[in-house]
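A short worksheet on the structure shown next.
The values are calculated or read from the model by the stated rules, or taken from the named source; none is laboratory data. Keep in mind it's a predicted model, so treat the numbers as computed, not measured. Note that each Cβ is placed from the backbone with ideal geometry, even for glycine, and that neighbours are counted across all protein chains shown.
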Amino acid sequence: MTAVNPPARGPLPRRLLPDNHEVVDGRLFIGGCDTLALAARHGTPLFVYDEEHLRSRCREAVAAFGPGVAYGAKAFLCQAMARLVHEEGMNIDVATGGELHVALAAGVPADHLVLHGNNKSTAELEQAAAAGVGRIVVDNFDELDRLDDLHARTGFRPRVLVRLTPGVEAHTHSYVSTGQNDTKFGFTVDTGAAAAAIERARSSPSVELVGTHSHIGSQVFAVSSFVQAVAVMAEAAAPFGLEEMSVGGGLGVAYMSHERAPTIAEWGRAVGKACARAGVTARVTAEPGRSIAAAAAVTLYTVGTVKEIEGVRTYVAVDGGMSDNPRPVLYGSGYEAFLPRAADAPRDRAVTVVGKHCESGDVLVRDAAVPASLAVGDVLATPVTGAYGHSMGSNYNKALRPAVVFAAGGDARLVVRRETYEDLLACDR
């Protein structure tokens, strides 16, 4: 029988690690902090973020799109993250009442928040009204009805952007492609729904229409997809002379050794040129999330078992899994793996990294290459886990959600503590 693991690979490419990392005597340091010491202190699984990496990407986004650019909070949000992006001059895009609550609790001014969602409840709209959010991105006609009712009851008249569906098929996983006509999001341009929604919002006493919005998908590597969306949006909005246009988020990041992704600055330049060609006079902004947070973090695990099936596969089981990173299960997403104690070592052993959950599909890295010396008790890391890991995590099998630390200048501060067994009972009655 032929083994199914991939051929051996070299050391992990340093470009997949956070900006402010270094390797000292083989050991990985992030933000001046020894990752193995962090694992010993805080336990595993553990998310370790390079704080200055986060700040640098926020500054890059503001430089590329201006002060109205918003961080896509669904990528990763906690109070410390909300404060950080606000300090760096970004607004925050929130998609639920929960995200709105966290941002407000962090002290972010409500007028720096943009509320999204394809099915905002009346309660969420009331929450937004009470706080005084800066923008609401309107997604459907039912929502306009709810805003009419809310205005009649409270006098609340929000500034809104109408979300357009431009009919652009971004080259990404179907589950995170949102710009095509067949989607639950927005008003379709091709059918005339977008024009009708703009007309209704413009004439409505319940809202103040300020612009249009689009989001074509996530993990998009081709900036040409955004250029196509700009052309459609510009044509659709041209008759109305609106003040703002948001191209949303979705810029891809490299997770694997063979991948390359545009920078936020390159994305901004491409969008700017497309807007100039289309004669856009509106203030153009965006909502990066993954491209801010993903590459800023690594996840640290402890190896619990190594199961070798001769001629078939070697399984390396760690103390996390689909509860802290569901992307491989949901999307078949690929990741790399390495040992922080030997960060520059050749990875000449082929394995499959799995979690501890009661599912055969609980796979973190199907085709991983690690150093031959890997053994039970080692700390194993996966890079580029700063987005859609902790935020999409769960308590499946009643697993405890991991802790999160921000590392900078040789100091690591705990920004999200590890859950306890008592936390699992907090909502039980």
What are the residues in segment 372-429 that are among the acidic types (D, E) and either on the phi > 0 side of the Ramachandran plot or in contact (Cβ under 8 Å) with a residue 12 or more places away in the chain (or both), if any?
-> D378, D411, E419, D423
Residue in segment 8-43 that is farthest from R260 (Cα to Cα), counting only those that are aliphatic (A, V, I, L, M) and without any contact (Cβ under 8 Å) to a residue 12 or more places away in the chain = A40
Could you list, in sequence order, the residues of segment 266-320 that are closer than 26 Å to I136 by Cα and not in a helix (DSSP H, G or I)?
-> G279, V280, T281, A282, R283, V284, T285, A286, E287, P288, G289
Give V247, V318 a once-over and let me know the one that is crowded, with 22+ Cβ neighbours inside 10 Å, in contact with a Phe, Trp or Tyr (Cβ under 7 Å, 6 or more places away or on another chain) and not assigned by TED's automatic domain parsing to the domain that holds G377.
-> V247
Would you pick out the residues in segment 349-376 that are aliphatic (A, V, I, L, M) and assigned to a strand (DSSP E or B)?
-> A350, V351, V353, V354, V363, L364, V365, A368, A369, V370
Of the residues R83, R59, R55, which single one is closer than 30 Å to D411 by Cβ, within 16 Å of the chain's Cα centre (by Cα), without any contact (Cβ under 8 Å) to a residue 40 or more places away in the chain and assigned by TED's automatic domain parsing to the domain that holds S214?
-> R55
Criterion (over 19 Å from the mean Cα position of the chain (by Cα) and within 22 Å of A293 (Cα to Cα)) met by exactly one of G134, G97, G72, G66 | G66
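For every residue, the table says whether it meets (1) of a type outside the set (D, E); (2) surrounded by fewer than 13 Cβ atoms within 10 Å (Cβ to Cβ).
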position: V379; (1), (2): yes, no
position: T385; (1), (2): yes, no
position: Y388; (1), (2): yes, no
position: S391; (1), (2): yes, no
position: N397; (1), (2): yes, no
position: G410; (1), (2): yes, yes
position: V415; (1), (2): yes, no
position: D423; (1), (2): no, no
